[in-house]
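Undergrad: Following this message is one structure expressed as structure tokens.
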Amino acid sequence: MIDAENIVYSIGGQRILAYVYATFRPGDVTAILGPNGAGKSTLLKCLTGALKPDEGRVSLDGKDLRHYSLTELSRRRAVLSQANPISFPFTAHEVVVMGRNPYSLEKTTASNAEIADEALTLVDAWHLRDRSYPSLSGGEQQRVQFARVLSQIWEQEEACLFLDEPTSALDLKHQHQLMDLVQKLCREKNLTVIIVMHDLNLAHHCTDRCFFIREGWIQGGGESKKLITADTISDIFDLPKKYAAMRFGMDLAG
Amino acid sequence: MSLLDKAVCTPFFLKRIKFSALPLLGLLLLAVALVSASIGAVSIPLSDILGGSLADQQLAVLNSIRLPRVVLAVIVGGALAVSGAAMQGLFRNPLADPGLIGISTSAALAVAIVIVLAGPIVGYFGLYAMSIAAFGGALGACFVIFRFAKLTGTFSVTYMLLTGIAINALSAAGVGFLTFLSDDQQLRTLTFWTMGSLGGALWVSVIVAATIIIPSALILVKNARELNVLLLGESEARYLGVDVERLKRRIIICTALSVGAAISVSGIIGFVGLVVPHLIRLTLGPDHRLLIPASAFLGAILLLLADTVARTVVAPAEMPVGILTSMIGGPFFLWLLMKQFSGRFGL
């Protein structure tokens with residue numbers, strides 16, 4: 001459960017986020033949508049604790065993020081960022097095991113390695129296990145990173161999962177596999193899932209609720225199926241009605 | 001499995017070697033040290049060393065000349081390789097070598113300032129003073145590089161290397177100016193430092209270097225797992241519970257201490273920190289928990305070999321070992337650069 005209250009964030013006098021209120025509930029997959037530069041990733045970073053908002057507060061399970069230690073936080077939430085280059089030839093398995101860093105002192109190396117293997121299997125990347133990470137394709141790297149993030153909150157109930165454009169490099173099959181997996185885990189482990197995404201079709205079909213951000217202001221918060229329509233799209237993305245209807249009218253309007 | 005998959009998989013026999021790599025490297029180091037101790041102007045046969053049947057003159061040479069030099073080569077080689085490995089992890093790029101990015105030269109500049117301004121200083125106090133000066137120079141360079149490499153927002157390898165060029169040029173100018181100011185005695189000392197040599201090895205320098213380098217290296221080994229996680233990226237490491245600022249501070253300080261101590265006793269010996277970690281990564285993989293100790297052993301072995309060649313190949317004269325390591329390391333760096341640009345690592 002994540003609560004954002006009155007978040008304001010500016011860089012160099014320019015306001016990126018303005019008075020954002022939002023609640024993200026366990027058991028829900030919530031999308032954050034909006035045009036380029038609207039402040040989606042900034043909001044995500046404020047919610048994860050990577051950025052400290054100028055005003056307002058973010059709380060995780062009712063406790064202010066600032067009062068968590070780094071280790072406590074690392075067991076309650078995992079984050080998949082956009083670009084993840086690694087310039088050393090770690091194997092995919094080694095990268096996923098790094099996700100178990102918060103537990104390295106209390107869990108055995110063998111059990112962590114086993115969890116990493118299971119996570120790789122879940123994201124359909126077990127066959128990449130011993131490949132060198134830099135030699136993988138963009139989509140393969142994204143799946144391996146996703147496995148790393150899953151292994152970080154493997155045995156946690158009601159943890160939070162933040163995904164910043166998790167499907168950007170994936171082919172259609174893996175896009176759906178990943179979203180299905182996210183939905184399934186969200187229900188099973190009562191996760192709070194927050195996804196920044198660009199693919200409105202995918203958001204419409206695979207998320208429960210969604211927020212729209214435009215020029216730092218947030219709106220929405222209701223059911224994705226009701227909110228993602230040609231009308232709202234044309235409004236939020238500043239898209240002429242005919243294009244919005246052309247791209248989203250057919251299957252989304254109704 | 002496709003052909004490509006096979007090519008990038010770690011071969012099976014290498015995986016088995018991993019477990020026994022450290023003891024093997026340790027044994028190899030011991031063997032090289034024994035051989036190196038027996039070679040030189042005064043012949044001290046290996047069988048005599050092992051059997052303990054040495055003449056007085058041989059014993060004197062071994063104790064006061066040969067052994068301190070061998071031990072110093074081991075410590076300095078290990079220190080340089082470990083600092084190279086840690087720097088590369090910190091900067092997240094296999095091209096970061098203390099020599100290339102100006103850390104060694106600014107340490108040398110600090111030492112040169114001490115030599116010229118404070119006059120000749122010897123003994124424990126003098127060596128510790130020079131080590132501290134070198135540490136200060138190295139720390140300053142690290143700080144400047146970090147600042148400049150982050151100018152673009154994210155950490156840029158191009159800026160790191162370019163800042164290194166600028167720092168190297170400035171330090172070279174500084175050393176040049178000090179050379180111009182210095183008298184004959186100081187000039188000899190300065191030249192020795194800029195070329196890099198283990199020729200002045202005494203037990204004093206061994207003890208000073210060891211008391212600084214060994215604790216620093218142990219701290220680096222202790223932080224190896226978090227250094228691995230740091231390679232995912234700074235914010236990723238923070239998400240995984242790593243206190244990134246504290247980790248970076250520790251690595252910079254320990255690296256600067258090791259490089260500073262190594263340079264204050266041996267001058268600038270280049271490329272060990274670049275070549276050694278790379279060779280270990282090629283064979284044993286990039287995991288710092290193995291990489292750092294294995295680099296220490298291999299660095300010690302290689303510098304000991306290089307120094308043995310340097311002091312025997314043009315006997316009775318002696319070649320500064322820094323020249324030898326640069327002759328090997330320069331082409332190696334070019335090869336590495338070529339590989340990077342062909343997309344193996346990505347800049």
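Laboratory data are not the source of any read-out in this text; all were calculated from the coordinates shown. Since we're looking at a predicted model, the values are computed, not measured. Note that each Cβ is placed from the backbone with ideal geometry, even for glycine, and that neighbours are counted across all protein chains shown.
Undergrad: What would the Debye formula give as log10 I(q)/I(0) at q = 0.12 Å⁻¹ for the alpha-carbon point model of the protein assembly as shown, no solvent?
TA: -1.15
Undergrad: Pop the C-beta distance of B:LEU46 and A:ASP180 into the FRET formula with R0 = 60 Å and round what comes out to the nearest 0.05.
TA: FRET efficiency, B:LEU46 to A:ASP180: 0.30.
Undergrad: Right, another one. Can you give me the C-alpha center-to-center distance between the range B:279-340 and the range B:91-144, rounded to a whole angstrom?
TA: 21 Å
Undergrad: Can you put B:LEU198, B:LEU62 in order, fewest other beta carbons within 10 Å first?
TA: Neighbour counts put them in this order, fewest first: B:LEU62, B:LEU198.
Undergrad: What are the DSSP H helices in chain B that stretch 20 Å or more along their long axis, judged by alpha-carbon atoms, and whose average Kyte-Doolittle hydropathy comes to at least 1.0?
TA: Helices passing the filter in chain B: B:12-38, B:67-90, B:103-118, B:123-149, B:157-181, B:203-222, B:288-312, B:321-341.
Undergrad: Using only alpha carbon pairs under 8 Å that are at least six residues apart, calculate the relative contact order of the range A:2-252 and give it in whole percent.
TA: 27 percent
Undergrad: Summarise the partner chain shielding of A:132-145 as one whole number: the mean count of Cβ atoms from other chains within 10 Å of each residue's Cβ.
TA: Across A:132-145, the average partner-chain Cβ count within 10 Å equals 2.
Undergrad: Run down the lysines and flag those whose C-alpha is under 22 Å from the C-alpha of A:LYS40, throwing out any fewer than 8 positions away in its chain.
TA: A:LYS52, A:LYS225, A:LYS226
Undergrad: With +1 assigned to the C-beta of every Lys and Arg and -1 to the C-beta of every Asp and Glu, and no other charges, what is the dipole magnitude of chain B about the Cα centre in debye, to the nearest 20?
TA: Rounded to the nearest 20 debye, it is 960 debye.
Undergrad: Where in the range A:38-80 does the label zone of A:GLU5 land, with the point 7 angstrom along Cα→C-beta and an amide N cut-off under 12 Å?
TA: A:56-60, A:62-65
Undergrad: Here's a follow-up. What spacing in nm lies between the two simple spin-label points modelled at B:TRP335 and A:LYS63, each 7 Å away from Cα in the Cβ direction?
TA: 5.4 nm
Undergrad: Now for a different question. Given axes a ≥ b ≥ c from the Cα gyration tensor, I'd like to know whether the range A:121-254 is rounded (a/c under 1.5), prolate (a/b larger than b/c) or oblate.
TA: prolate
Undergrad: Counting other Cβ atoms within 10 Å, which GluC sites (Glu not before Pro) in the range B:228-306 have at most 14 and lie in a DSSP loop?
TA: When the GluC sites (Glu not before Pro) of the range B:228-306 are filtered for loop state and at most 14 Cβ neighbours within 10 Å, nothing remains.
Undergrad: Calculate the FRET efficiency for B:THR312 and A:THR121 from the Cβ-Cβ distance with a Förster distance of 60 Å, rounded to the nearest 0.05.
TA: E between B:THR312 and A:THR121, to the nearest 0.05, is 0.55.
Undergrad: Once both axes come from the Cα atoms, what is the angle between helix A:172-188 and the longest principal axis of chain A, in degrees from 0 to 90, rounded to 10?
TA: 80 degrees
Undergrad: Taking a ≥ b ≥ c as the square roots of the eigenvalues of the Cα gyration tensor of the range B:215-315, is the shape rounded (a/c under 1.5), prolate (a/b larger than b/c) or oblate?
TA: In terms of gyration-tensor shape, prolate.
Undergrad: Sorting A:VAL193, B:VAL76, B:VAL321 on the 10 Å Cβ count, fewest up front, what's the list?
TA: A:VAL193, B:VAL321, B:VAL76
Undergrad: Over the range B:202-347, calculate the relative contact order: mean separation of alpha carbon pairs under 8 Å at least 6 apart, over the residue count, as a percent.
TA: 23 percent
Undergrad: Regarding the range A:2-252, what are the three Cα extents along the principal axes, ordered largest first, in Å?
TA: Here the spans come out as 54, 42, 35 Å, largest first.
Undergrad: Next question, about the same structure. Which number do you get for Rg(Cα) / (2.2 N^0.38 Å) in the range B:259-335?
TA: 1.16
Undergrad: Once you have the Cα-Cα distance between B:THR189 and B:ARG147, take 0.36 nm times their residue separation minus that, and quote the gain in nm to one decimal.
TA: 11.9 nm
Undergrad: Mind checking A:95-105 for the average number of partner chain beta-carbons within 10 Å of each residue's beta-carbon?
TA: Per residue, the number of nearby Cβ atoms from other chains is 4 on average.
Undergrad: What distance in nm separates the simple spin-label points at B:ALA31 and B:SER64, each placed 7 Å from Cα in the Cβ direction?
TA: 3.4 nm
Undergrad: Please list, in order, the residues from the range A:204-220 whose amide nitrogen is less than 17 Å from a point placed 7 Å along the Cα→Cβ vector of A:GLU55.
TA: Under cut-off, by backbone N: A:216-218.
Undergrad: Which order do the peptides A:167-180, B:77-90 take when ranked by the mean count of other beta-carbon atoms within 10 Å per residue, highest first?
TA: Taking the mean over residues of other Cβ atoms within 10 Å, the ranking is B:77-90, A:167-180.
Undergrad: Related question: Say a paramagnetic label sat at a point 7 Å from the Cα of A:ARG214, along Cα to Cβ; which residues of the range A:3-29 have their backbone N under 16 Å from it?
TA: A:18
Undergrad: Here's a follow-up. So what's chain B giving for Rg/Rh, alpha carbon basis, Kirkwood Rh from the mean inverse pair distance?
TA: Rounded to two decimals, Rg/Rh equals 0.98.
Undergrad: Would you please give the residues with an amide H less than 5 Å from that of A:CYS160, counting only those at least 5 places away or on a separate chain, with H modeled from the backbone geometry?
TA: Here the answer is A:ARG77, A:ALA78, A:THR192, since their amide H atoms fall under 5 Å of that of A:CYS160.
Undergrad: Still on this structure, I have one more. Take every Cα pair under 8 Å in the range B:78-336 that's 6+ residues apart, average their separations, divide by the length, and report that relative contact order as a whole percent.
TA: 33 percent
Undergrad: Let's see if you can work this out: charge +1 on each Lys and Arg Cβ, -1 on each Asp and Glu Cβ, no other charges. What is the dipole magnitude of the range A:84-209 about its Cα centre, in debye to the nearest 20?
TA: About 80 debye.
Undergrad: In addition: Of the options A:ALA119, A:GLY13, A:GLY220, report the single residue whose Cα projects farthest towards the positive end of the charge dipole of chain A (beta-carbon charges: Lys, Arg +1; Asp, Glu -1).
TA: Highest projection toward the positive end goes to A:GLY13.
Undergrad: Can you compute the charge dipole magnitude of chain A about its Cα centre, using +1 on each Lys and Arg Cβ and -1 on each Asp and Glu Cβ, nothing else charged? Give it in debye, rounded to the nearest 20.
TA: Dipole size: approximately 320 debye.
Undergrad: Let me confirm one metric for peptide A:123-131, namely the mean number of other chain beta-carbon atoms within 10 Å of its residues' beta-carbons.
TA: Mean shielding by partner chains, rounded to a whole number: 2.
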